[in-house]
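Asker: Just passing along the structure, written as C-alpha cells.
The values are calculated or read from the model by the stated rules, or taken from the named source; none is laboratory data. All values derive from a computational prediction rather than experimental measurement. Cβ placement follows ideal geometry from the backbone for every residue including glycine, while neighbour counts extend to all protein chains displayed. Accessible surface areas use protein heavy atoms only, side chains included; no ligands, DNA or RNA. Shrake-Rupley method; radii C 1.70, N 1.55, O 1.52, S 1.80 Å.
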Amino acid sequence: MQPRAVDLFAGAGGLTLGLTMAGWDVIAAIEIDKSAANTHKLNFPDTQILHDIRDVDFQMFRGIDLIAGGPPCQPFSVAGKQLASADPRDMVPQFIRAVREAEPKAFIMENVPGLLTVRNALYTRQAVTQLEDLGYRVDLKKLNASEYGVPQGRERVFFIGVRRNRRFTFPHPSHGPAGLLPIVTARQALINVPDCEPNRAIVTYAKNPVLRPSPWAGMLVNGQGRPINLDQPSQTIPATAGGNRTHIVDIEGILFEYHRYLMGGGTPRIGRVEGVRRLNLRESARLQSFPDRFEFIGTVSKQYAQVGNAVPPLLARAVGNAVFQALYEPGELTEDIEQSSIFELMVSS
C-alpha cells in the first residue's frame with residue numbers, strides 16, 4: 001500500500017505531481033481558486049478536491065502519512081510588503097492547524113526565501129516552535145530548483161517535519177557543480193515544445209532603461225519580463241506572467257547586443273523590439289518541469305498564474321523522495337538526537 005498524502009494550497013498540482021512521482025498517493029488536495037482546482041481535477045481525477053482550507057476538519061485525515069503544501073507566499077515575498085501575520089493572506093496558521101489535527105507522520109511546507117530574512121525571523125521562529133511543540137523534528141533549507149533538474153533558477157525554502165524518532169536529510173543536488181549531472185539549460189528545455197497559442201504581448205524598448213552589468217538583469221524593455229540566458233536555467237517564472245511581465249526568448253541575441261551598445265554609451269532606442277518574443281504557456285510549463293501531457297485550463301492569465309505559482313514537479317519529487325526515505329527506509333532511531341539551531345540559516349537581506 002502506498003503511503004498517503006494530502007496537498008494543501010495545491011494549485012494546479014505541481015507538488016501533487018512531484019509527490020506522485022516519488023511514490024506517494026495524494027488522496028486529497030485543497031485549493032480555493034476554481035480554475036486551479038479544475039486543472040488539478042483534470043490531471044488527478046482520483047484525488048478528492050476540497051476548496052477552502054478554513055472549512056476543513058483535518059481530523060478526517062488523522063494518522064495520514066504526509067501533509068504537504070505551500071501557503072500563499074505574498075505575506076513573505078521580498079517583492080511585497082512582507083507583512084507576515086499582519087497580511088490577511090497569511091495561511092501558515094492554517095497549515096499548522098492541519099498538522100495539529102491530522103497528526104501526520106511527516107509534513108512538507110514550502111515557501112519563498114523571504115521567510116528567512118531578518119524581518120521575518122521572529123515569525124518563522126514562532127511557526128517552527130509551534131510545529132516542534134506538536135512532536136516533530138523540524139529542518140529547513142533553501143533549495144535551488146536548478147540543482148534538481150529543473151531548468152529554472154528558482155529558490156524556495158522547505159520546512160520538513162518528521163517524528164522525533166526519525167532523521168531527515170535533505171536531498172543532495174543531482175545537477176550542477178554539486179551533483180553528478182549538468183544543469184538543464186533553458187535552451188535544452190525549450191526544444192520541440194508542443195504547439196501553443198503564442199504570447200501576443202509585444203516587447204518595446206524602455207524609455208529609461210535600467211542597466212546592470214549582466215544583460216539578463218536590469219530593465220532594457222518595458223514590463224518586468226527579462227530576456228532569458230538560454231545557456232543557463234531561466235529566471236524564476238512568475239505567477240504574474242502572461243503579459244509584459246513574461247520573460248523573453250531572444251534567439252538571435254538582439255537584447256544582448258543592445259545591452260552591450262548601451263553599456264558603451266549608446267542612446268536608448270524607442271519602439272518595438274523586433275526578433276524577440278515572450279514565453280508562451282507551454283514553454284513556461286517546460287521551464288517549471290511540467291510534462292507536456294499536463295493540461296492547464298481557465299483563462300490565459302489564470303493558466304500562466306497556475307504555472308508560476310506551482311512547486312516545480314522535479315523539485316517536489318526530490319523532496320518527496322527524501323521524506324519517503326526518512327519514514328520508510330531507515331529503522332527508527334533509538335534516541336532523540338539534538339539538532340543545531342536552524343536559525344543559523346537566517347540571511348541578512
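Asker: Once you have the Cα-Cα distance between residue 2 and residue 267, take 0.36 nm times their residue separation minus that, and quote the gain in nm to one decimal.
Answerer: Between residue 2 and residue 267, full extension yields an extra 89.2 nm.
Asker: With r defined as the distance between the Cβ atoms of residue 299 and residue 169 and R0 fixed at 35 Å, what FRET efficiency is calculated, to the nearest 0.05?
Answerer: 0.25
Asker: Okay, moving on. Suppose R0 equals 41 Å. What FRET efficiency, 1/(1 + (r/R0)^6) with r the Cβ-Cβ distance, do residue 207 and residue 141 give to the nearest 0.05?
Answerer: After rounding to 0.05, the efficiency reads 0.45.
Asker: Could you pull out every one of the aspartates and glutamates with an alpha carbon less than 20 Å from that of residue 34, ignoring same-chain neighbours closer than 8 positions?
Answerer: 7, 46, 52, 55, 90, 295
Asker: May I pose another question? With all protein chains present and a 1.4 Å probe, how do 216, 24 order by accessible area, largest first?
Answerer: If we order 216, 24 from most to least accessible, we get 216, 24.
Asker: Same structure, new question: Just tell me which lysines come within less than 25 Å, Cα to Cα, of residue 105; anything on the same chain fewer than 8 places away is out.
Answerer: Partners within reach: 141, 142.
Asker: Related question: Express the C-alpha Rg of the chain as a ratio against the empirical globular expectation 2.2 N^0.38 Å, rounded to two decimals.
Answerer: Output field value: 1.03.
Asker: In square nanometres and to one decimal, what's the mean projected area of the convex hull around the Cα atoms of segment 99-198?
Answerer: Projected area, direction-averaged: 9.8 nm².
Asker: Return a whole-number percent for the relative contact order of the chain, with Cα pairs under 8 Å and 6 or more residues apart as the contact set.
Answerer: 20 percent
Asker: I'd like the projected area of segment 231-327, averaged over all directions, using the convex hull of its alpha carbons. Report it in nm² with one decimal.
Answerer: Averaged projected hull area, Cα only: 8.9 nm².
Asker: 222 nm [θ] for the chain, helices only, -39500 (n - 2.57) per DSSP H run of 4+, per residue, to 500?
Answerer: Helix-only estimate at 222 nm: -7500 deg cm²/dmol.
Asker: Let me ask you something else. Kindly report the accessible area of the chain per residue (heavy atoms of protein chains, probe 1.4 Å, no ligands, DNA or RNA), in Å².
Answerer: Result: 47 Å² of accessible area for each residue.
Asker: What whole number of Å gives the distance from the Cα centroid of segment 103-123 to the Cα centroid of segment 142-194?
Answerer: Cα centroid to Cα centroid, the span is 18 Å.
Asker: Can you tell me the length gained on complete extension of the stretch residue 178 to residue 191, counting 0.36 nm per residue apart and subtracting the Cα distance?
Answerer: 2.1 nm
Asker: With an 8 Å cut-off on Cα pairs and a minimum separation of 6 or more residues, tell me the relative contact order of segment 124-179 in percent.
Answerer: In percent, rounded to a whole number, it is 33.
Asker: Oh, and also: Given contacts defined as C-alpha pairs under 8 Å and at least six residues apart, what's the relative contact order of segment 158-310, whole-number percent?
Answerer: Relative contact order for segment 158-310 comes out at 26 percent.
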